1. Please state which one of T113, T182 is exposed (fewer than 15 other Cβ atoms within 10 Å of the Cβ) and not hydrophobic (A, V, I, L, M, F, W, C).
2. Provide a single number: the residues in segment 5-47 that are at pLDDT 85 or above, more than 19 Å from A245 (Cβ to Cβ) and of a type in the set (S, T, Y).
3. Name the one entry in L132, L190, L195 that is under 25 Å from F260 (Cβ atoms) and surrounded by fewer than 20 Cβ atoms within 10 Å (Cβ to Cβ).
4. Can you pull out every residue in segment 162-204 that is outside any helix (DSSP H, G or I) and either in contact with a strand residue (DSSP E or B) (Cβ under 7 Å, 6 or more places away or on another chain) or at negative phi (or both)?
5. Those residues that are under 27 Å from the mean Cα position of the chain (by Cα) and outside any loop (DSSP other than H, G, I, E, B), I need them from segment 231-244; list them, please.
6. When you check A88 against the structure, is it more than 22 Å from F180 (Cα to Cα), modelled with pLDDT of 85 or more and either crowded, with 17+ Cβ neighbours inside 10 Å or aliphatic (A, V, I, L, M) (or both), yes or no?
7. Quick check, is L141 modelled with pLDDT of 90 or more and out of contact with any Gly (no Cβ under 8 Å at 6 or more places or on another chain)?
8. Could you count how many residues in segment 183-242 are over 27 Å from P124 (Cα atoms) and charged (D, E, K, R)?
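The values are calculated or read from the model by the stated rules, or taken from the named source; none is laboratory data. Computed from a predicted structure; not experimentally measured. Every residue, glycine as well, gets a Cβ built from its backbone with ideal geometry; the counts of neighbours run over all protein chains shown.
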Amino acid sequence: MREKKRSPLASTGLHATLIAAAVVAVFPPLWLLVTSFKPKNDAFTTEPVTDFTLANYTHVLADTSFLTWFGNSVVIVGVTTVLGVFLAATTGYAVSRFRFPGMRPLMWLLLITQMFPVAVLIVPLYNLLASLGLLNQPAGLVVTYLTIAVPFCAWMMKGFFDTIPVEIDESGRVDGLNPFGTFWRLVLPLARPGLAVTGFYTFVTAWAEVAYASAFMTGEENLTLAGGLQTFVSQYNNDWGSMTAAAVIVAVPAAAVFAFAQRHLVSGLTAGTTKG
């Protein structure tokens with residue numbers, strides 16, 4: 001069949017729509033970056049930077065507890081990412097390769113947990129963490145972040161493991177490997193795209209989360225970045241210059257992680273969603 005050519009008018013409309021969408025997507029972070037270099041008194045002006053200054057960044061790094069918040073976030077996010085990737089990978093592999101009683105209810109349970117909004121879960125999680133003595137503790141925040149990331153990532157990893165031939169597992173058993181050895185030495189290296197997506201999703205979930213961080217962590221020395229940024233703009237204080245500067249700094253690690261993992265993201269998401 002002959003390929004239908006797009007008319008010049010349709011092509012122009014398509015490109016105009018794509019350009020408009022790109023402008024809408026890029027404008028907010030670009031304006032955030034521009035505002036961070038303005039003096040505090042010019043934060044709400046619509047003019048470009050006329051008096052370039054680094055005072056906002058200097059104030060955030062030297063006069064606030066930003067570095068403490070940053071350190072807290074790095075520890076919590078690092079532990080969450082490592083545990084989240086391990087739990088999601090092992091769960092996904094188990095339900096992909098083995099048949100055991102309760103497997104289908106387990107998968108439904110993982111799916112159902114994604115249907116509850118964060119606002120509904122804050123109170124029961126708060127009571128649970130309080131009874132376990134984990135309030136205002138990094139471990140408590142790690143547990144709550146795992147409840148968000150692991151169910152979704154386990155489903156995705158299950159779909160990705162379904163694309164890896166079962167014959168690889170059989171060859172491992174022939175060579176004398178136990179199930180975990182087969183998973184760790186043979187299957188897991190082939191699942192790097194899925195692991196990259198899982199790691200990136202878990203990282204972003206913990207790095208950018210606000211509700212749990214604000215509800216479960218108190219005291220300036222215990223706050224994460226998400227909770228600390230709220231101190232710049234509150235009912236009694238509106239320091240938008242510091243807020244924008246801190247937001248730009250917070251975005252840098254996320255951009256770096258995305259740049260590192262982006263070559264695996266498309267293939268990993270496609271494999272996980274099509275088979276899941």
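1. Sole residue among the options that is exposed (fewer than 15 other Cβ atoms within 10 Å of the Cβ) and not hydrophobic (A, V, I, L, M, F, W, C): T113.
2. Result for segment 5-47: 2.
3. L190
4. Answer for segment 162-204, where residues must be outside any helix (DSSP H, G or I) and either in contact with a strand residue (DSSP E or B) (Cβ under 7 Å, 6 or more places away or on another chain) or at negative phi (or both): T163, I164, P165, D175, L177, N178.
5. Matches in segment 231-244: V233, W240, G241, S242, M243, T244.
6. no
7. Numbers: modelled with pLDDT of 90 or more: yes; out of contact with any Gly (no Cβ under 8 Å at 6 or more places or on another chain): yes.
Yes: the conditions hold for L141.
8. So the answer is 3.
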